[in-house]
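Asker: Take a look at this one; I'll ask things after.
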Amino acid sequence: MIKKIFSKNFIFFLAGQTLSMFGTNIIKFAISLYILEVTASAAIFGWITAASYIPPIILSPFGGILADRKNKKNLMVALDGIYGMITLLMGIAFQRREEFGIVAGLLILLSIVSAFEAPVVQSSTSLLKYQ
């Protein structure tokens with residue numbers, strides 16, 4: 001009997017993570033461009049963009065430890081919920097025309113959450129079972 005490579009669980013996992021990662025990257029890109037538009041400074045844009053790449057470099061090993069010790073499903077749900085809350089806060093900040101500092105802080109917060117989510121997602125793919 002030939003096992004199916006793409007089980008129902010794998011397809012749901014792949015679709016959910018594709019949407020999550022696509023949405024997160026679009027938000028990060030849009031916020032970076034918003035900061036560039038508001039400040040009209042390439043230097044500030046560059047510094048904030050660079051600062052958003054630092055948390056994943058530093059925190060990913062701790063995300064791996066967390067992924068090994070905790071329930072991966074619950075972690076993914078919680079981290080995606082945090083992504084949603086940050087996105088909601090960004091929408092409120094844009095609507096109220098807050099300073100770019102708050103928006104930049106939320107961008108860095110998104111990067112911190114992604115530092116913990118990436119190891120969880122990567123370690124979860126091997127746990128999906130064939131049906």
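The values are calculated or read from the model by the stated rules, or taken from the named source; none is laboratory data. Only a predicted model underlies this, so the values are computations on that prediction, with no experimental measurement involved. Because the Cβ atoms are built from the backbone with ideal geometry, glycine has one as well, and the counts that use them run over all protein chains shown.
Asker: Determine, yes or no, whether residue 77 is at pLDDT 80 or above, under 28 Å from residue 126 (Cβ atoms) and β-branched (Val, Ile, Thr).
Answerer: Answer is yes for this residue.
Asker: Given 38, 121, 103, which one is under 20 Å from residue 19 (Cα atoms) and β-branched (Val, Ile, Thr)?
Answerer: Going through 38, 121, 103 in turn, the sole match is 121.
Asker: What about residue 113, is it over 30 Å from residue 125 (Cα atoms) and of a type outside the set (Ser, Thr, Tyr)?
Answerer: So residue 113 does not fit the description; no.
Asker: What number goes with the only condition from (1) closer than 24 Å to residue 9 by Cβ; (2) free of Cβ contacts under 8 Å to residues at least 12 places away in the same chain that residue 72 does not pass?
Answerer: The one condition residue 72 does not meet is (2).
Asker: Among the helices (runs of 4 or more DSSP H) confined wholly to the stretch 22-131, which include 1 or more residues that are under 30 Å from residue 7 (Cα atoms), small (Gly, Ala, Ser) and touching a Ser or Thr at 6+ places or on another chain (Cβ under 9 Å)? Step through it out loud before you land on a result.
Answerer: Working: elements: 42-69, 72-95, 100-124.
Fully inside the stretch 22-131 and qualifying: 42-69, 100-124.
Asker: While we're looking at this one, here's another question. Need the failing condition index for residue 78 against (1) aliphatic (A, V, I, L, M); (2) closer than 30 Å to residue 40 by Cβ; (3) out of contact with any helix residue (DSSP H, G or I) (no Cβ under 7 Å at 6 or more places or on another chain), just the number.
Answerer: Residue 78 satisfies all of (1) aliphatic (A, V, I, L, M); (2) closer than 30 Å to residue 40 by Cβ; (3) out of contact with any helix residue (DSSP H, G or I) (no Cβ under 7 Å at 6 or more places or on another chain) except (2).
Asker: Say we look at the stretch 45-55 and pick out the residues that are surrounded by 15 or more Cβ atoms within 10 Å (Cβ to Cβ) and without any contact (Cβ under 8 Å) to a residue 24 or more places away in the chain; which of these is farthest from residue 105 (Cα to Cα)? Can you show your working first?
Answerer: Here is the first cut: in the stretch 45-55, the residues surrounded by 15 or more Cβ atoms within 10 Å (Cβ to Cβ) are 45, 48-49, 52, 55.
Then keep just the ones that are without any contact (Cβ under 8 Å) to a residue 24 or more places away in the chain; that gives 45, 49.
On the way: 45: 13, 49: 11 Å.
Ranking the qualifying residues of the stretch 45-55, first place goes to 45.
Asker: Taking residue 91 as meeting all but one of (1) at pLDDT 85 or above; (2) surrounded by fewer than 17 Cβ atoms within 10 Å (Cβ to Cβ); (3) farther than 23 Å from residue 123 by Cα, write down the number of the exception.
Answerer: (1)
For every residue, the table says whether it meets (1) under 15 Å from the mean Cα position of the chain (by Cα); (2) more than 23 Å from residue 126 (Cα to Cα).
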| residue | (1), (2) |
| --- | --- |
| 11 | no, no |
| 16 | yes, no |
| 25 | yes, yes |
| 30 | yes, yes |
| 38 | no, yes |
| 46 | no, yes |
| 52 | yes, yes |
| 55 | yes, yes |
